[in-house]
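The values are calculated or read from the model by the stated rules, or taken from the named source; none is laboratory data. All values reported here derive from a predicted model rather than from experimental measurement. Cβ placement follows ideal geometry from the backbone for every residue including glycine, while neighbour counts extend to all protein chains displayed. Please note that ligands, DNA and RNA were not included when accessible areas were found on the heavy atoms of the full protein model with its side chains. Shrake-Rupley method; radii C 1.70, N 1.55, O 1.52, S 1.80 Å.
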Amino acid sequence: EFSDLPAQRSRTATRSYRFVADLSGSLGAWDLQASLGLTRVATELRLMNFVSLPALQAALNRGRYVIGANNPASVLASLTPEGRSTSTNSLNFISLRASRDLMKLGGGNLALGTGVEFSKRSLDEHFPDGFASGAQASNIYAFSVGKQTISAAYAELAAPLTKQLEIDAAARVDHYDTYGSSVTPKLGAKFVPLRELTLRGTYAGGFRAPNPVEIGTSGSSAGY
């Protein structure tokens, strides 16, 4: 029985950093917008009073620790080294958008919107080294390390054909360095036969790419 060992404790502290800048203007008939973002989340984990199995075995072999005896505080501290780790999650992105009117239609202006996007995600989450090596044990353990770069381009047309009928069509292509490319279309319509009645319909495609944890190195365990 190791009743003289202190109770196990854990503490976490998280700090978030976010910087976003937006710029807008016009060039000829085009309305332009640009966005830049840098985000980072850092979580420090402290695990205290968890026994190091190699240190315990060495102390037992040398007689420095005696089960059930009044062992010195310095010996107890050597058996339970504090574990520390800092996990980070970052997302950086840039977005460029442009729009303009192309021509007049029966219900208004035919509008074109287009843009490109670029983002990079990075995840590095792990437990302290003593737990990763197996020297110390916790009933919950998890780690994940992965990166992902995404680029995308899209275009959209809004066509008010008449005062009662408006058509919207768009297409987007996304490229993931860990997955490949996917194209997603979208087609929508709005019809107003009466002032009191509006009918809407939309068709859109979609996909799901694996995230950095799923394509990186990751694992978890739980026990009692």
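Return yes or no: is R46 open to solvent by less than 90 Å² (accessible area, probe 1.4 Å), among the basic types (K, R) and in contact with a Lys or Arg (Cβ under 8 Å, 6 or more places away or on another chain)? Full working, then the answer.
Details: open to solvent by less than 90 Å² (accessible area, probe 1.4 Å): yes; among the basic types (K, R): yes; in contact with a Lys or Arg (Cβ under 8 Å, 6 or more places away or on another chain): yes.
Answer is yes for this residue.
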Name the residues in region 1-27 that are over 24 Å from A98 (Cβ atoms) and touching a Gly at 6+ places or on another chain (Cβ under 7 Å), would you?
E1
Among the listed residues L23, L27, L60, L5, identify the single one that is open to solvent by 60 Å² or more (accessible area, probe 1.4 Å), within 19 Å of A137 (Cβ to Cβ), out of contact with any Lys or Arg (no Cβ under 8 Å at 6 or more places or on another chain) and of a type in the set (A, V, I, L, M).
L60
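For region 77-98, state whether one or more residues are touching a residue at least 60 places away in the same chain (Cβ under 8 Å), surrounded by 15 or more Cβ atoms within 10 Å (Cβ to Cβ) and either at positive phi or charged (D, E, K, R) (or both). First the steps, then the outcome.
Step one: of region 77-98, the residues touching a residue at least 60 places away in the same chain (Cβ under 8 Å) are 79-80, 94-98.
Okay, now just the ones that are also surrounded by 15 or more Cβ atoms within 10 Å (Cβ to Cβ), so 79-80, 94-98.
Narrowing the set further to residues that are either at positive phi or charged (D, E, K, R) (or both) leaves 97.
Within region 77-98, one or more residues are touching a residue at least 60 places away in the same chain (Cβ under 8 Å), surrounded by 15 or more Cβ atoms within 10 Å (Cβ to Cβ) and either at positive phi or charged (D, E, K, R) (or both).
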What's the total number of residues in region 72-117 that are among the acidic types (D, E), in a strand (DSSP E or B) and more than 15 Å from A152 (Cβ to Cβ)?
1
Any hit, region 120-134, residues being closer than 30 Å to S26 by Cα and within 27 Å of the chain's Cα centre (by Cα):
yes
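Yes/no matrix, rows are residues, columns are (1) within 28 Å of the chain's Cα centre (by Cα); (2) in a strand (DSSP E or B); (3) closer than 27 Å to G134 by Cβ; (4) modelled with pLDDT of 95 or more:
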residue	(1), (2), (3), (4)
S10	yes, yes, yes, no
D31	no, yes, no, yes
A42	yes, yes, yes, yes
A59	no, no, yes, no
N70	no, no, no, no
Residue among D177, D168, D124 that is among the charged types (D, E, K, R) and over 17 Å from G216 (Cα atoms):
D168
Please work out if A170 is open to solvent by less than 60 Å² (accessible area, probe 1.4 Å), within 30 Å of I94 (Cα to Cα) and of a type in the set (A, V, I, L, M, F, W, C).
yes
Residue identified as under 25 Å from the mean Cα position of the chain (by Cα) and open to solvent by less than 60 Å² (accessible area, probe 1.4 Å) among T149, T217:
T149
